[in-house]
Amino acid sequence: MIRVALAAGFALAATATVAQEPGPSWREVKCERYRAVSAEALARTGRQGLTDEFLARHDAFLRSGCTAKADVCPRSARDFALADILTIGAMNAGTASTFLPFACPPPAGAHPTS
């Protein structure tokens, strides 16, 4: 009786293991959420006034699966406004602020801080 129960338990566990498909990673989930936030923000605000570099680097971040180095640097007022919208939207979608692609290089001649 115990052997039958154990055999049935092992068979059930093996079936459950085989039937499960791995889901997306947390990074993939965050990227998909961020991609949706980005699409909605751009649909609502448009691209007018955004710099070409900001758009190109942001698009590259999305194309990389959100794995590219954070190098999307807002320069214009519209870039900053969209970065703010994307940051708030991403946080509301459950991503961390460290996930976001926004970073600017230090100004020429600036001394690095420690």
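Values in this text are rule-based calculations from the coordinates and carry no lab data. Since we're looking at a predicted model, the values are computed, not measured. Ideal geometry is used to build each Cβ from the backbone, glycine not excepted, and the neighbour counts take in all protein chains shown.
Compute the length gained on full extension between residue 75 and residue 44: take 0.36 nm times their separation in residues and subtract their Cα-Cα distance, giving the result in nm to one decimal.
Numbers: separation 31, 0.36 × 31 = 11.16 nm, distance 2.03 nm.
Once the chain is fully extended between residue 75 and residue 44, it gains 9.1 nm.
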Per q in 0.27 1/Å, what log10 I(q)/I(0) does a Debye calculation on the alpha-carbon atoms of the range 48-97 return?
-1.13
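Sum up the charges of everything whose Cβ sits under 15 Å from the Cβ of residue 74, counting Lys and Arg as +1 and Asp and Glu as -1, but leave residue 74 out. Each step should come with its number before you reach the end.
Values: positive: 47, 57, 75, 78; negative: 52, 53, 59, 71, 79, 84.
Residues close to residue 74 contribute a combined charge of -2.
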